[in-house]
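A short reminder: the numbers here are calculations on the coordinates, not readings from a lab. Remember, it's a predicted structure, so these values are computed and weren't measured experimentally. With ideal geometry, Cβ positions are generated from the backbone for all residues, glycine too; neighbour counts draw on all protein chains shown.
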């Protein structure tokens, strides 16, 4: 089964209270799962990777074989596609875990979108931040 995974991470302050959001759409575009969760204090980039990792894990649990990931984090997408190096040690750990998890699928693609193209996941992440206040 091919799914589309929208992910977003956000924080209030950098670092600050952080939240994640992800939305999984099935082959016909129906929403299979939507999650927003508070993750405590984190940087924006850590929140982005955390959303990505949890979203991929959920795709695996749903039985997906191919995942098309859409994110408004240009940094994360370019790191995962090999266009940018990962310099931060904590991000390097999350990056390695993301690539390891991606190998569990037949295929994973990553696409960068502008924030408006990721509004549902963005709203879930922002809501998770508000829930911590």
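Key figures
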item: Projected label distance in nm at residue 68 and residue 2, using a 7 Å step from Cα toward the beta-carbon; result: 0.6
item: Net length gained if the chain between residue 41 and residue 60 were fully extended (0.36 nm per residue, minus Cα distance); result: 4.2 nm
item: For the range 1-37 and the range 51-124, distance of Cα centres in Å; result: 10
item: Structure-based [θ]222 nm, the chain - -39500 (n - 2.57) summed over DSSP H runs of at least 4, per residue, nearest 500; result: -12000 deg cm²/dmol
item: Pair residue 31, residue 109: separation of 7 Å Cα→Cβ label points (nm); result: 2.4
item: Coarse-grained scattering of the range 74-133 at q = 0.17, 0.21, 0.24, 0.29 Å⁻¹, given as base-10 log I(q)/I(0) from a Debye sum over alpha-carbon atoms; result: -0.77, -1.00, -1.06, -1.08
